[in-house]
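Colleague: Quick one: the structure is below, questions incoming.
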Amino acid sequence: MSDKLKVAVVGCGAVTEHRHIPSFARIKNKVILQAACDKNEELARKVAQHYHIPKVYTSQTEMLKSEKIDIVDVCTPPQIHAPIAIEALENGCHVLLEKPMALTVSDCDKMIDAARKNNRKLCIVHNVLFHPPLVKACKLVKEGAIGNFIGMRILLADPKDEMIMRKDYWIHKLPGGVIGETGPHPVYISLAFLDKVKAVEVFTKSYLEHPWARFDEFRFELDADNGLSSTAISYSGERYAAEVEIFGSKGALYVDLQSMLCIKHGPKTSLSQGTLVKTSLSTVSQTLGGIIANGLKAITGQFKVGHDTVIELFIDSVINDTTPPVTGEQGREVIRVLDMIVNRLYEKYGKPSEN
């Protein structure tokens, strides 16, 4: 009899097919994909057939009655995360949950309580935290490599056709609209460095002027006990971008999450030609070194993105009975801050009409 953990995926959309299932496939010595569940049976069967998943269900309740499942991987829209996760936890399953954890702090509390009462693991997929360059950046800041942390800024951009132009996309129904889908990423990145966010400010613009999406440019500031974080999210252009800059008292870090590079800048107290040349050479050297290292990892199959790492760490936490890589409490804090952002958005610009 196999001692591998049996996994069921609930929700068979793009993130399941292109991120979660391939990540589970990398650790097939530890897990078996036992079932695929989606209310769209045709989609569930298509995904199951493509990835050789033996069982297909349109109801999680029926699936849990029929199968012995160890882990339920929830990849549905966040509006229904709470009931799905709670049912799985109450049936003795550990739960892996795509971000955002939920739409409300109260739903987060219900899931955390269910995990505690049933002695099950609950983990939130804050995948970007586990991209190699951000892992490196967190380590460098913790080690004091750039002195005391002062603040940070984040840029995220998607081409407009990715989300904002899709009229019937479910993300437009989230609190704050599309910010409810992308917003958790810069929030949890910020919370990796900030201590207790106490205030927020929000700015928006609309260039595309679609009635189903009130805004396509967002800026928000997070004010915490130990520093500030500034985020720019752009949906109105034609490019992808994911960049993080972290400022310290003795240097800075630049993280490019598209190229998967982390560049360290030391103190620069002069704008002399010699200083500028030295800085440029350091940047070029680190960039080339990072590109070569990434290329070698890709060629040898060792390169991992965030989903690969967080999912493997979660599986290990179940096997070894240790703390998950992202706890329910950490997921809850992201929703608390995101709720502050959405509330401030509505205070300044009004709530959208129900029509």
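We did not get these values from a lab; they are worked out from the coordinates using the rules stated. Everything numeric in this text was worked out from a predicted model, so none of it was measured. When we count neighbours, we look across all protein chains shown, and the Cβ atoms used for this are built from the backbone with ideal geometry, even at glycine.
Colleague: Ranked highest first by the average count of other Cβ atoms within 10 Å around their residues, in what order do 210-220, 160-170, 81-91, 124-134 fall?
Modeller: 124-134, 81-91, 210-220, 160-170
Colleague: Would you mind calculating the relative contact order of the chain from Cα pairs under 8 angstrom and at least 6 residues apart, reporting the percent as a whole number?
Modeller: Relative contact order for the chain comes out at 18 percent.
Colleague: Of [x] 169; [y] 178; [z] 157, which one was derived for volume of the Cα convex hull per residue in Å³ from the structure shown?
Modeller: [z]
Colleague: Gap in Å between the Cα centre of segment 287-303 and the Cα centre of segment 153-221?
Modeller: Using only Cα atoms, the two centres lie 31 Å from each other.
Colleague: If packing is taken as the average number of other Cβ atoms within 10 Å across a peptide's residues, how do 337-350, 265-278 rank, most packed first?
Modeller: 337-350, 265-278
Colleague: Give me the percent relative contact order of segment 5-120, please, defined on Cα pairs under 8 angstrom at least 6 residues apart.
Modeller: 25
Colleague: Can you give the angle from 0 to 90° between the axis of helix 105-117 and the longest principal axis of the chain, with both taken from C-alpha atoms, to the nearest 10?
Modeller: Result, in degrees: 60.
Colleague: Enter the angle in degrees (range 0 to 90, nearest 10) between the Cα long axis of helix 132-142 and the first principal axis of the Cα atoms of the chain, meaning the one along which they spread out most.
Modeller: It works out to around 60 degrees.
Colleague: Divide by every residue of the chain the summed helix terms, -39500 (n - 2.57) for each DSSP H run of at least 4, and state the resulting mean residue ellipticity at 222 nm, rounded to the nearest 500 deg cm²/dmol. Show your work: numbers first, answer last.
Modeller: Details: 11 runs with 133 residues, N = 355.
Result for the chain: -11500 deg cm²/dmol, rounded to the nearest 500.
Colleague: Can you give the % of DSSP beta bridges in the chain that are antiparallel, to the nearest 5?
Modeller: 55
Colleague: Dipole of segment 5-120, Cα-centred, from +1 at each Lys and Arg C-beta and -1 at each Asp and Glu C-beta, to the nearest 20 debye?
Modeller: It works out to roughly 440 debye.
Colleague: Sum up the lysine pairs in segment 125-263 that clear both bars: alpha-carbon distance under 29 Å and a spacing of 8 or more or different chains.
Modeller: 18
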